[in-house]
Amino acid sequence: MEFSAPGIVSYYTGPGQFLEILLDNKWSFTVRRPMSIANVEEKHITIIYKIFGQGTTLLAERKIGEILDILGPIGNVFSGWQGNFVPILVGGGVGLAPILNLFKECQKHQIHSKLIIGAKTGREHFMDHEPSNGIFLTTDDGTLGNSGTVMPSLKKVCADIDNPMVFACGPLPMLKSMQDFVIQNKIPAQLSVESYMGCGTGLCQGCAIKRRNVKEMAHSYHERYSLVCMDGPVYSASEVCFD
Ligand SMILES: Cc1cc2nc3c(=O)[nH]c(=O)nc-3n(C[C@H](O)[C@H](O)[C@H](O)COP(=O)(O)OP(=O)(O)OC[C@H]3O[C@@H](n4cnc5c(N)ncnc54)[C@H](O)[C@@H]3O)c2cc1C
Ligand code: FES
C-alpha cells in the first residue's frame with residue numbers, strides 16, 4: 001500500500017523506522033497497528049503487510065483517496081551498512097518490509113549486499129530467486145528457492161564472504177536462531193524486533209523486551225528491559241534476549 005505523507009517523510013531518517021496506524025475510530029479498536037516503512041519516494045511511503053486479523057483486514061478495505069490516521073516515523077534505523085562490511089540482509093515473513101527498504105538503500109549507494117527472504121510457501125514471495133545476483137528466496141515447504149528456513153542459506157552466504165554483517169527482521173524464532181548463530185561466529189549483526197505494541201510512544205510498556213547480560217545488581221526496570229518503540233526496533237544482536 002502506498003500513500004502520501006509529506007509530514008512523516010520530512011522526519012524519516014532511514015530503514016528500520018515504522019508507523020503506528022489507527023484503523024478504526026471506535027472505542028473498541030483503539031490500539032494502533034505497527035507497520036514498517038518499506039519504501040520512501042519523494043512524499044510517498046510504501047508499506048507491505050499481510051492480513052492477520054481485524055486490523056489488517058480493515059487496512060485492506062481502505063480505498064484510494066481515504067485518509068489514514070498515522071503516527072510516525074517511529075524508532076531507530078539500521079546502521080553500519082555503509083561501512084567496510086558486506087551487508088547480508090535477511091527478512092522472514094512480514095519482516096521483509098524494512099529489509100527490502102534497506103536493500104534499496106544499499107542499491108542507491110552502490111553497496112553490494114546479499115538478500116535472503118524467507119516465507120512459508122512460494123505463493124508468499126513476489127521476487128525472483130536469483131542467487132547469481134545475490135538474491136536468495138527460501139520456503140519452508142520447498143515450493144520456491146532454497147528449501148527450509150533462512151538459516152541454512154544465511155550460513156552458506158556468510159561462509160562465502162570474508163567480512164559479513166547481518167541485518168535481519170522477522171519472527172522471534174528466526175531472530176533467536178540468528179542471534180545464536182551470529183554470536184557463536186562473532187559476526188556483527190543488527191536485529192529488528194517485532195514485539196507486541198500498543199501506543200508506540202513509550203507509555204503503555206506493552207513492547208518491553210529483556211536486555212541481555214544485565215548486571216546482577218541491575219535493580220531498575222529500565223536496566224533489565226528495553227522498550228522496542230523507544231529504544232528499537234533495531235538492536236545489536238548482543239543487546240536483547242529472545243527467550
Ligand atoms: C515494529 C513492527 C513492525 C511491523 N511491521 C509489519 C509490516 O511491515 N508488515 C506486516 O504485515 N506486519 C508488520 N508488523 C506486525 C503487524 O503489526 C501485525 O501483524 C498487526 O498488528 C496485526 O494486526 P491485526 O489486527 O490484523 O491482527 P490481530 O488479530 O490483532 O493479531 C494477529 C497477530 O498479530 C500480532 N499483533 C496484533 N496486534 C499487534 C500489535 N499492536 N503490535 C504487534 N503485533 C501485533 C500478534 O502476534 C497477533 O497474534 C510489525 C510489527 C511491529 C512491532
Ligand atoms: S508500544 Fe507502548 S511503550 Fe512501546
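Structure values in brief
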read-out: Residues satisfying the stated conditions in segment 196-229, i.e. within 24 Å of residue 78 (Cβ to Cβ) and loosely packed, with under 15 Cβ neighbours inside 10 Å; value: 196, 201, 202, 210, 213, 222
read-out: For residue 194: the one exception among (1) within 16 Å of ligand 2 (Cβ to nearest atom); (2) free of Cβ contacts under 8 Å to residues at least 24 places away in the same chain; value: (2)
read-out: Selected residue (only one of 158, 169 is away from ligand 1 (no atom under 15 Å from the Cβ) and either closer than 21 Å to residue 111 by Cβ or surrounded by 13 or more Cβ atoms within 10 Å (Cβ to Cβ) (or both)); value: 158
read-out: Number of the exception - residue 24 against (1) away from ligand 2 (no atom under 16 Å from the Cβ); (2) under 19 Å from residue 199 (Cα atoms); (3) buried (at least 16 other Cβ atoms within 10 Å of the Cβ); value: (3)
read-out: Some residue of segment 180-195 being buried (at least 22 other Cβ atoms within 10 Å of the Cβ), away from ligand 1 (no atom under 14 Å from the Cβ), of a type in the set (Phe, Trp, Tyr) and within 21 Å of the chain's Cα centre (by Cα); value: no
read-out: Test: residue in segment 203-225 that is over 30 Å from residue 29 (Cβ atoms), within 16 Å of ligand 1 (Cβ to nearest atom) and touching a helix residue (DSSP H, G or I) at 6+ places or on another chain (Cβ under 9 Å); value: no
read-out: The lone exception for residue 94 - which of (1) in contact with a Phe, Trp or Tyr (Cβ under 7 Å, 6 or more places away or on another chain); (2) in the same structural domain as residue 136 (by TED's automatic domain parsing); (3) at pLDDT 95 or above it fails; value: (3)
read-out: Subset tally (residues that are within 6 Å of ligand 1 (Cβ to nearest atom) and closer than 25 Å to residue 123 by Cβ) for segment 29-52; value: 9
read-out: Filter pass, residue 55 being surrounded by fewer than 22 Cβ atoms within 10 Å (Cβ to Cβ), touching a strand residue (DSSP E or B) at 6+ places or on another chain (Cβ under 7 Å) and touching a residue at least 60 places away in the same chain (Cβ under 8 Å); value: no
read-out: Residue 235 over 15 Å from the mean Cα position of the chain (by Cα) and either farther than 18 Å from residue 76 by Cα or touching a residue at least 12 places away in the same chain (Cβ under 8 Å) (or both); value: no
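The values are calculated or read from the model by the stated rules, or taken from the named source; none is laboratory data. None of these values were measured; they are calculated from a predicted model. Ideal geometry is used to build each Cβ from the backbone, glycine not excepted, and the neighbour counts take in all protein chains shown.
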